[in-house]
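Undergrad: This is the structure I want to talk about, given as structure tokens.
What follows draws every value from the coordinates through simple rules; no lab data is involved. On a predicted model such as this, the values are computed, not experimentally measured, just so you know. Note that each Cβ is placed from the backbone with ideal geometry, even for glycine, and that neighbours are counted across all protein chains shown.
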Amino acid sequence: MTYTHILVTIDQGVGLITLNRPKVLNALNTELIEELVNALEKMDRDESVRVFVITGNERAFAAGADIGEMANETAIQMLLKDQFAVWDRIAHVSKPIIAAVSGFVLGGGCELMMSCDMVIASESTKIGQPEIKLGVMPGAGGTQRLAHAVGKVKAMEMLLTGEPITASEALRYGLINRVVPIEVYLDEALKLARQIASQPPIAVQMIKKAVHKAVGHGLDEGIAYERNCFYLLFASEDQTEGMQAFMNKRKPNFTGR
Ligand code: CAA
């Protein structure tokens, strides 16, 4: 299978997927997410792969969903297209997924990171959900997974201000596993992946599933609620204003309509 927006390699039991739209800070357009999910599912069926690593580049893991792709959509178009449904399939991947992140981990980038099972971050990582600044909210699980991971008050602060947190703060809140120098963040993730790849694969998959049961309670319902709210916000003038302002590189003027 050939891909346009991701790079895929398999080595020593580790399926490495690199997000590859560097000019737009790995903005997650529909095609990229479909490629990513297809690659994960294909390698999930491949016995030579035991663990996944998803990474980007030093400047950006991913700066969110592709704003240009959705800026002019209506709420009805968003609802009918249901572009975030494909993200649900990541939760059904049976082998562990490690995110190796650096730079911008924003919006959908943060949601993708939180869909992974472990996270190794470089010291220059900035993690946040800035959708509020676009007149919208997270739509790929951000409100739910963030609240589960860091607790209500910190999640509220991050979601309502849109301001990112540093890697060391994310570590303190249990959002990531480890912060390492930028030169080694991918190597550290691969090292962890190879360690897990050497464990008995059936037990590994059962542990993953069991942990998901421990932390996934009520998640599906919350994600469905969040997604409908996200699509509904495309009926607001603030969404149009927020996304147009981003694309025209100016400050938005929100009116509450
Ligand atoms: N979508 C589309 N393009 C994006 C993008 C995104 N999410 N993020 C960055 N880009 C593009 C920029 O438009 C720019 O393209 P041009 O060179 O053609 O102008 C290029 O990437 C580089 O970005 P900047 O020039 O803005 O770089 P910067 O260093 O000045 O700023 C940044 C970096 C702070 C990350 C800024 O790009 C930014 O704020 N990006 C948007 C972050 C965001 O709001 N993410 C949430 C998206 S919505 C979402 O994710 C919904 C969901 O729940 C899934």
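Yes or no, residue by residue, for (1) of a type outside the set (Gly, Ala, Ser); (2) under 30 Å from residue 257 (Cα atoms):
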site: 126; (1), (2): yes, no
site: 137; (1), (2): yes, yes
site: 155; (1), (2): no, yes
site: 159; (1), (2): yes, yes
site: 163; (1), (2): yes, yes
site: 167; (1), (2): no, no
site: 188; (1), (2): yes, no
site: 192; (1), (2): yes, no
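Undergrad: Sticking with this one: Are any of the residues in region 117-129 in contact with a Ser or Thr (Cβ under 9 Å, 6 or more places away or on another chain), touching a residue at least 40 places away in the same chain (Cβ under 8 Å), part of a helix (DSSP H, G or I) and within 16 Å of the ligand (Cβ to nearest atom)?
TA: no
Undergrad: So, of the residues in region 52-75 that are in a loop (DSSP other than H, G, I, E, B) and not small (Gly, Ala, Ser), which turns out to be nearest to the ligand (Cβ to nearest atom)?
TA: 66
Undergrad: Another question, then. Might you let me know whether region 112-127 holds any residue that is in contact with a Cys (Cβ under 8 Å, 6 or more places away or on another chain) and over 25 Å from residue 232 (Cβ atoms)?
TA: Taking every residue of region 112-127 in turn, at least one turns out to be in contact with a Cys (Cβ under 8 Å, 6 or more places away or on another chain) and over 25 Å from residue 232 (Cβ atoms).
Undergrad: Please enumerate the residues belonging to region 82-112 that are within 12 Å of the ligand (Cβ to nearest atom), assigned to a helix (DSSP H, G or I) and either without any contact (Cβ under 8 Å) to a residue 24 or more places away in the chain or surrounded by fewer than 24 Cβ atoms within 10 Å (Cβ to Cβ) (or both).
TA: 86, 87
Undergrad: Would you mind listing the helices (runs of 4 or more DSSP H) fully within region 164-255 where at least 1 residues are surrounded by 12 or more Cβ atoms within 10 Å (Cβ to Cβ) and basic (Lys, Arg)?
TA: Filter on region 164-255 gives 167-172, 185-197, 201-215, 219-232.
Undergrad: I'd like to verify a number: residues in region 1-14 that are touching a residue at least 40 places away in the same chain (Cβ under 8 Å) and farther than 19 Å from residue 102 by Cβ, how many?
TA: Total satisfying the criteria: 3.
Undergrad: Any residue at all in region 16-28 that is free of Cβ contacts under 8 Å to residues at least 24 places away in the same chain, farther than 19 Å from residue 189 by Cα and within 16 Å of the ligand (Cβ to nearest atom)?
TA: Yes, the conditions are met somewhere in region 16-28.
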